[in-house]
Amino acid sequence: MAAVGVLAALIVAQRTALFARLNPGQIWNLCVIALFAALVAQRLLLIAINMSDLRRHPSWLLTLAMVHHPLLAAVGAAAALVAGVLYARRKQMPLRTTADVLAAPLALGMAFEQFGALLAGSDYGIEAQIPWAVTYTHPLAAMWSGTPLGIPLHPVQAYTAMAFLTFAVFLLVWQPAMRQHGDLAGIWLMGTGVIVFITELWRDPQGRGVILNGIIDGPQLAAIAMVLGGALVLRERNVRITTSEGAHG
């Protein structure tokens, strides 16, 4: 499902690039390079953490991609960001416009990724007695994600996926109404932060870090930083007026 999300994001990015008058080929290359950097960084971290187990069971190296953890997501995102910025600067791509182009595709890809997490049992929710609760029974879910088996849980991954899917549609609709470059990137930062912070309320806190005596966890702290960063990006900036009327004014 994550792979399907990547393909969907790449296809949508071609559309948003054309609308923003950027080279779709460069956007494609940037996405592929950023994705490769994220996968390499995550795999190296997993190998480093599980080195002792991999020495005893080398074949487990092929299944490390099934491991899902906030730390891996953070490391992968950081590696992707660095690689993407370096490529954009090398190709002299405007960073704010490029970020706007990638906003909706990123939200779409994250929606598919969370649907995949729902199917795999990763990022599972807290115990719940609700009609739509999900109960995992496969031992691999417990082995790789620590998912409790036989216990009804909140399908928080589905909540998150639907929120990101709706958010992606909103960003696509909003693109023609942008007032200044960077608006979509700022909205993406704030919206993603809000979605992450709220959905963490139904997600099991195991392994997600405890901050302020359990008031918030690691992803929620990152979500707050994203909202603040989005607000900074959305601040009003001086926009050069290019129309003849504006020039006379």
Residue tally, condition more than 21 Å from Trp174 (Cβ to Cβ) and small (Gly, Ala, Ser), over segment 6-20: 0
Residue under evaluation Val173, criteria (1) within 17 Å of the chain's Cα centre (by Cα); (2) surrounded by fewer than 17 Cβ atoms within 10 Å (Cβ to Cβ); (3) closer than 25 Å to Val4 by Cβ, criterion not met: (1)
Some residue of segment 47-61 being surrounded by 13 or more Cβ atoms within 10 Å (Cβ to Cβ) and either assigned to a loop (DSSP other than H, G, I, E, B) or at positive phi (or both): yes
Among the residues listed as Ala74, Ala65, the single one being at negative phi, at pLDDT below 90, surrounded by 14 or more Cβ atoms within 10 Å (Cβ to Cβ) and assigned to a helix (DSSP H, G or I): Ala74
Which numbered condition Leu95 misses (of (1) in contact with a Lys or Arg (Cβ under 9 Å, 6 or more places away or on another chain); (2) buried (at least 21 other Cβ atoms within 10 Å of the Cβ)): (2)
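For Leu7, state whether it is assigned to a helix (DSSP H, G or I), under 28 Å from Ala223 (Cβ atoms), without any contact (Cβ under 8 Å) to a residue 60 or more places away in the chain and out of contact with any His (no Cβ under 7 Å at 6 or more places or on another chain).
Working: assigned to a helix (DSSP H, G or I): yes; under 28 Å from Ala223 (Cβ atoms): yes; without any contact (Cβ under 8 Å) to a residue 60 or more places away in the chain: yes; out of contact with any His (no Cβ under 7 Å at 6 or more places or on another chain): yes.
For Leu7, the condition - assigned to a helix (DSSP H, G or I), under 28 Å from Ala223 (Cβ atoms), without any contact (Cβ under 8 Å) to a residue 60 or more places away in the chain and out of contact with any His (no Cβ under 7 Å at 6 or more places or on another chain) - is met.
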Out of Gly182, Gly246, Gly207, Gly186, sole residue that is of a type outside the set (S, T, N, Q), in contact with a His (Cβ under 7 Å, 6 or more places away or on another chain) and modelled with pLDDT under 95: Gly207
Which listed residue is part of a helix (DSSP H, G or I), touching a strand residue (DSSP E or B) at 6+ places or on another chain (Cβ under 8 Å), in contact (Cβ under 8 Å) with a residue 40 or more places away in the chain and buried (at least 20 other Cβ atoms within 10 Å of the Cβ), from Leu108, Leu118: Leu118
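The values are calculated or read from the model by the stated rules, or taken from the named source; none is laboratory data. Please read all numbers here as calculations on a predicted model, not as lab measurements. Reconstructed Cβ throughout: ideal geometry from the backbone, glycine too, with neighbour counts over all protein chains shown.
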